[in-house]
Amino acid sequence: MKKIIQIQPWIDSQEANYLKKIINKTFLTEAGETKKFENRITKRFKSKYSIAVSNWTNGIFMSLKAFNIGEGDEVIVPNLTFIATVNAVIMTGAKPVICEVDEKNLSIDLEHYKKIISKKTKAVIPVHLYGHCCDLNKLKKISRRYKIKIIEDAAQSIGAKFNDRYLGTIGEIGGFSFYGNKIITTGEGGIILTNSLQLKKKMYELKNHGRSKKGVFKHNSVGYNFMFTEMQAAIGNIQLNKLNKILLKKKKIYNNYKKGLSKVADISFMKNISLNKPVYWFSNIFTKSKPRLQKFLQKRNIQTRDIFFPIVLQPCYKNTNLIIKKKKNYSISNKIFNTGLSLPSSYNLTKKEQNFIVSSIKEFFKK
Ligand SMILES: Cc1ncc(COP(=O)(O)O)c(C=O)c1O
């Protein structure tokens, strides 16, 4: 069997044909197609405003800047996430304070969160890892008490809900990534969501050289260039048409793994809390035999991926004071990293391929 890739986007002639149409208009920098994309996202996810940006890393950075967060401030982030969440905080000059995660949903451990809040804490970034989330009602209650802003990193969880509201629209600001491996993609790209007109205006200025519209050369503030392009928007608009189908297929893939592997004693799955309606960006399993299983599957041309590496162990932060650790040993994060494996989860995964993956895993555990 040919190599089964862990994750691939669903891109076909629909994107290619539409892209050609948009390119033929010859206006390639952010314009009408981007507006259309933003409006569709706003409507679909019931957010008042959305701002397309060059990538979601910059989106997190802009969200923090919109609250004037910088040097001398602390921002709480989980120990398990893609490193961009943490680096976006470092980019502002603030200090990321690292929170342990919950073993069940891999999101912020709310008990640890309460303990590590300080007078300097200005924001928290819950990361809805792999489409799941923590109890956001509790997170909101704690954060409100200390006037801590919530910026939701919903990079991996477009379409997931908590208490009937879309992840990314529950905190003061939130957003999605459209990087190549995400549920829908624009190559690179991201979008910021907020219900505050004031924040929206501020963030638009930040991404557009500190001015409120294009074509003028008087700048209200010192800004950046994090603009979107019409090519990204064209692809995004076709990807949005496919979103429901992709989410359904990913759920089916996840359920097939769960059913197929239900009798394997050494395998467990993520657990969602009662109000969370997750999406299944990646199908993850947890097993003590992870390293051996990963090698076994590799020999069969089945590509898998590790769970994110704990932030406090990242080589790039070693011997620096860029991040603040609040525990000697983040044992839950370490355990999740040591046992977690992302299985092939692409929209294009065939039934035959998935059966082969499931039977290979079963065979491994029979040995
Ligand atoms: C949890 C998380 N946060 C942030 C990012 C950064 O997004 P981007 O690649 O669009 O900058 C990603 C993905 O790349 C991510 O998975």
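Against the condition touching a Leu at 6+ places or on another chain (Cβ under 8 Å), more than 16 Å from the ligand (Cβ to nearest atom) and either modelled with pLDDT under 95 or part of a helix (DSSP H, G or I) (or both), how does K138 come out, does it pass? Can you show your working first?
Details: touching a Leu at 6+ places or on another chain (Cβ under 8 Å): yes; more than 16 Å from the ligand (Cβ to nearest atom): yes; either modelled with pLDDT under 95 or part of a helix (DSSP H, G or I) (or both): yes.
Judged against the criteria, K138 is a match.
Checking each residue in region 1-15 for being among the hydrophobic types (A, V, I, L, M, F, W, C) and surrounded by 12 or more Cβ atoms within 10 Å (Cβ to Cβ) picks out I4, I5, I7, W10, I11.
With T169, T186 as the choices, which residue is more than 16 Å from the ligand (Cβ to nearest atom), touching a residue at least 24 places away in the same chain (Cβ under 8 Å) and β-branched (V, I, T)? Within the list T169, T186, the selection yields T169.
Residues are listed down the side, and each one gets a yes or a no for (1) of a type in the set (G, A, S); (2) buried (at least 20 other Cβ atoms within 10 Å of the Cβ):
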site: D153; (1), (2): no, yes
site: Q156; (1), (2): no, yes
site: A160; (1), (2): yes, yes
site: R165; (1), (2): no, no
site: G171; (1), (2): yes, yes
site: F176; (1), (2): no, yes
site: G180; (1), (2): yes, no
site: T185; (1), (2): no, yes
site: E188; (1), (2): no, no
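Just to be sure, is I76 in contact with a Cys (Cβ under 9 Å, 6 or more places away or on another chain), within 16 Å of the ligand (Cβ to nearest atom) and closer than 18 Å to G59 by Cα? The answer is yes for I76. For region 256-288, the set of residues classified as surrounded by fewer than 16 Cβ atoms within 10 Å (Cβ to Cβ) and farther than 24 Å from V127 by Cβ consists of K259, S262, K263, A265, D266, K288, listed by residue number. Taking region 304-325 as the range and being of a type in the set (V, I, T) and loosely packed, with under 14 Cβ neighbours inside 10 Å as the test, only T320 passes. Is it the case, given these coordinates, that Q156 is within 11 Å of the chain's Cα centre (by Cα) and outside any strand (DSSP E or B)? Yes; evaluated as a whole, the condition is true for this residue. The set of residues from region 285-302 being within 18 Å of L261 (Cα to Cα) and polar (S, T, N, Q) comprises T287, S289, Q294.
The values are calculated or read from the model by the stated rules, or taken from the named source; none is laboratory data. Since we're looking at a predicted model, the values are computed, not measured. As a convention, Cβ positions derive from the backbone with ideal geometry for all residues, glycine included, and neighbour counts pool all protein chains shown.
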